[in-house]
Amino acid sequence: MAGLVVLWPMLVLSEFKPWVLLEPGSLKPTLRFLGGFFPPQADVPFLLLIAKETWRTVAIATAGLTLALVLAVPLALLSVRVLSLSALTGRMAVGPAALRQAVRWLLMVLRSVPELVWALVFVRVVGLGPTSGVLAIALTYGGMLGKVYGDILESGDAHAASSLMRNGSGRLQAFFYGLLPQNGAELTSYTVYRWECAVRSSAVLGFVGAGGLGQQMDSSMKMFNGSEVATILLVFMALVWLADRVSGWLRRGLA
C-alpha cells in the first residue's frame, strides 16, 4: 500500500497510460509491424551490410571506451583517498583535498550529460559519422568509469597500499601492487559490462547520425521493414552474449 501511495503520483506526473497501446488505432499497426518480424531478413546482401555495420558499431563502442579509460583511470587515481600521501597521517592536506574534490566534480559533470546529448553536440561540431559517437561515449563513460573505479578502490582493503606508501613506495607502485591485485577482477568485470553498454549506446547514437547498426535500424524502422529490424535485434543479442562470455573468461583468468 505504501509503495502504491508513493508510485501513483509519479505515474500521474509522467502521464503513464499503457492502455493506449490496446486502442484499435495503436494495436493494429503494432501487430502488423510485429508480424513482419517473421521470418527475419536473411538475404546475403543484407547480411553483408549488417556484418559491416556490426563491425562499425563494435569499433565505435571499443574506441569510445578506450578513450574513456584514458580519461577515467588517471582521474580515478586522483580521486582515491587511499592513494594520498598526506592522508596517511590522518586528515588530508588542503591542497590534495581540494584537487580530489575538483576531480570528483569533473567526473560528476561528465557522467551527468547523457551520451545522446554529447552526440548531438558533436554532430554539430564534426558532422555526421562515427566520430561524434566515439567522442560522446568517451566523455560520458569516462565520468562513469572514473567514479566507479574510485569507489571500488576505496571500498577495498587499503592496508597493503598504505603499507607500501609508508615504506617509501610511490602512488603508482601502491596502486599496481597494493590495490589492483585485490580489485582487478571487479574492475575488469565492470569495464566489460560498460563495453556491453557502450555497444548498446552506439546503437542508440546511430539514430542521431553516428553510424553503425542504430542508423541501419532507424532506416529499417522508417520503412516499416520488420524482418530487417528482427535481424538487427538478433545481432544485438549476439553481441550482448559475446560480451558476457568475454567478461566470464576474463574473471576466470584473474581469479
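Counted as membrane-span-like here are DSSP H helices of the chain whose alpha-carbon atoms extend 24 Å or more along the helix's own axis and whose Kyte-Doolittle mean is 0.5 or above; these are 44-79, 94-112, 130-155, 226-254.
Assuming charge only on the beta carbon of Lys and Arg (+1) and of Asp and Glu (-1), the dipole of the chain about its Cα centre is about 540 debye to the nearest 20. Here's the list of lysines a cross-link from residue 28 could span, going by alpha-carbon distance under 23 Å and ignoring same-chain residues fewer than 8 apart: 17, 222.
With a simple spin-label model that places each label point 7 Å from the Cα along the Cα-to-Cβ direction, the separation between residue 30 and residue 51 comes to 3.7 nm.
Residue order for 221, 144, 165, fewest other beta carbons within 10 angstrom first, comes to 221, 144, 165. Of 158, 185, 98, the residue with the greatest mean-square motion in the GNM of the chain, using alpha carbon springs below 10 Å, is 98. Taking a ≥ b ≥ c as the square roots of the Cα gyration tensor eigenvalues, with a/c under 1.5 meaning rounded and otherwise prolate when a/b beats b/c, else oblate, which class fits segment 41-254? Here segment 41-254 falls in the prolate category.
Would you look at the GNM of the chain, springs on alpha carbons closer than 10 Å, and say which of 71, 11, 180 moves the most? The residue that fluctuates most here is 11.
GNM on the chain, C-alpha springs below 10 Å: top fluctuator among 65, 110, 48? Greatest mean-square fluctuation among the candidates belongs to 48.
Helix content alone sets the calculated 222 nm mean residue ellipticity of the chain: runs of n ≥ 4 DSSP H residues at -39500 (n - 2.57) each, divided across all residues, give -25500 deg cm²/dmol. When the charge dipole of the chain is built from unit charges on Cβ atoms (+1 for Lys and Arg, -1 for Asp and Glu) and taken about the Cα centre, the candidate among 10, 108, 191 whose Cα reaches farthest toward its positive end is 108. Identify, among 120, 133, 175, the residue whose Cα sits farthest towards the positive end of the charge dipole of segment 103-213, taking +1 on the Cβ of Lys and Arg and -1 on the Cβ of Asp and Glu, with the dipole about the Cα centre. Result: 120, furthest along the dipole toward the positive end. Dipole of the chain (Lys/Arg Cβ +1, Asp/Glu Cβ -1, origin at the Cα centre): which of 50, 209, 74 lies farthest to the positive side? Farthest towards the positive end: 74.
With contacts taken as Cα pairs under 8 Å at a separation of at least 6 residues, the chain carries a relative contact order of 27 percent.
For segment 1-76, trypsin sites (Lys or Arg not before Pro) are listed when DSSP marks them as loop and at most 15 other Cβ atoms sit within 10 Å of their Cβ; the list is empty.
Every number in this text was worked out from the coordinates using simple rules, so none of it is lab data. As the structure is a computational prediction, the values presented were derived from the model and not from experiment. So basically every Cβ, Gly included, is an ideal-geometry build from the backbone, and we count neighbours across all protein chains shown.
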